[in-house]
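The values are calculated or read from the model by the stated rules, or taken from the named source; none is laboratory data. Note that the structure is a prediction, hence the values are computed from the model and not measured. No Cβ is skipped: glycine too gets one built from the backbone with ideal geometry, and neighbour counts run over all protein chains shown. Remember, those area values only see protein heavy atoms, side chains included, never the ligands or the DNA or RNA. Shrake-Rupley method; radii C 1.70, N 1.55, O 1.52, S 1.80 Å.
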Amino acid sequence: SIASGHLIPAFAKSVEHMKKGETSKLVIAPQYGFGEAGLAEKGVPGGAQLRASLTLVSWKSVKMLEGTIEMKVVVEQEGYQKPNEGAAVKIKFVGKLADGRIFAQNDCLEYVTDDEQVIRGLDKVVMEMKK
């Protein structure tokens with residue numbers, strides 16, 4: 001994600017103000033690029049001013065639920081309906097550890113929301129999803 005430092009600060013700041021499909025030409029001061037350290041392995045000296053072209057192709061929204069559950073919407077649905085408490089739902093899911101190992105998987109799990117039939121985090125995420 002942008003917040004996790006995978007991009008130079010100038011890209012992160014610019015993307016926040018762009019629309020899908022928009023292209024921007026950037027002149028980047030050192031403090032928003034590679035700083036005084038530079039990036040020697042790519043031939044960027046310390047303190048270098050950079051120029052870049054940046055196009056916002058697409059994005060995936062991230063919601064933080066209760067401050068500890070990160071939800072990334074992979075396929076955005078057009079509808080507006082979300083399951084409420086007591087709704088009967090069917091889900092397909094894969095649960096993975098941080099290192100990528102799968103710890104749980106189900107192709108068709110049926111349950112009732114807010115009925116303590118699944119872990120609370122899964123229930124919270126399902127109740128945020130659109131039909």
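Tabulated values for the structure
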quantity	calculated
Only one of Phe11, Phe34 that is open to solvent by 30 Å² or more (accessible area, probe 1.4 Å), more than 29 Å from Met71 (Cβ to Cβ) and either modelled with pLDDT under 90 or not in a helix (DSSP H, G or I) (or both)	Phe34
Search result, residues across the stretch 21-40 that are under 16 Å from Leu7 (Cβ atoms) and touching a Lys or Arg at 6+ places or on another chain (Cβ under 9 Å)	Leu26, Ile28, Tyr32, Phe34
Residue in the stretch 79-98 that is over 19 Å from Val125 (Cβ atoms), modelled with pLDDT of 85 or more and not in a loop (DSSP other than H, G, I, E, B) present	no
Residues (assigned to a strand (DSSP E or B), loosely packed, with under 14 Cβ neighbours inside 10 Å and more than 26 Å from the chain's Cα centre (by Cα)) located in the stretch 37-53	Arg51
Near pairs, Cβ below 7 angstrom, 6+ apart or cross-chain, from the stretch 35-54 (under 16 Å from Pro9 (Cα atoms) and polar (S, T, N, Q)) to any residue that is open to solvent by less than 90 Å² (accessible area, probe 1.4 Å) and part of a loop (DSSP other than H, G, I, E, B)	Gln49/Ala29
Search result, residues across the stretch 91-115 that are surrounded by 10 or more Cβ atoms within 10 Å (Cβ to Cβ), farther than 17 Å from Leu65 by Cα and over 20 Å from the mean Cα position of the chain (by Cα)	Ile91, Ala104, Gln105, Asn106, Leu109, Glu110, Tyr111, Val112, Asp115
Subset of the stretch 116-131 that is open to solvent by 50 Å² or more (accessible area, probe 1.4 Å) and among the acidic types (Asp, Glu) - its residue that is nearest to the chain's Cα centre (by Cα)	Glu128
All positions within the stretch 37-65 that are small (Gly, Ala, Ser) and modelled with pLDDT of 85 or more	Ala37, Gly38, Ala40, Gly43, Gly46, Gly47, Ala48, Ala52, Ser53
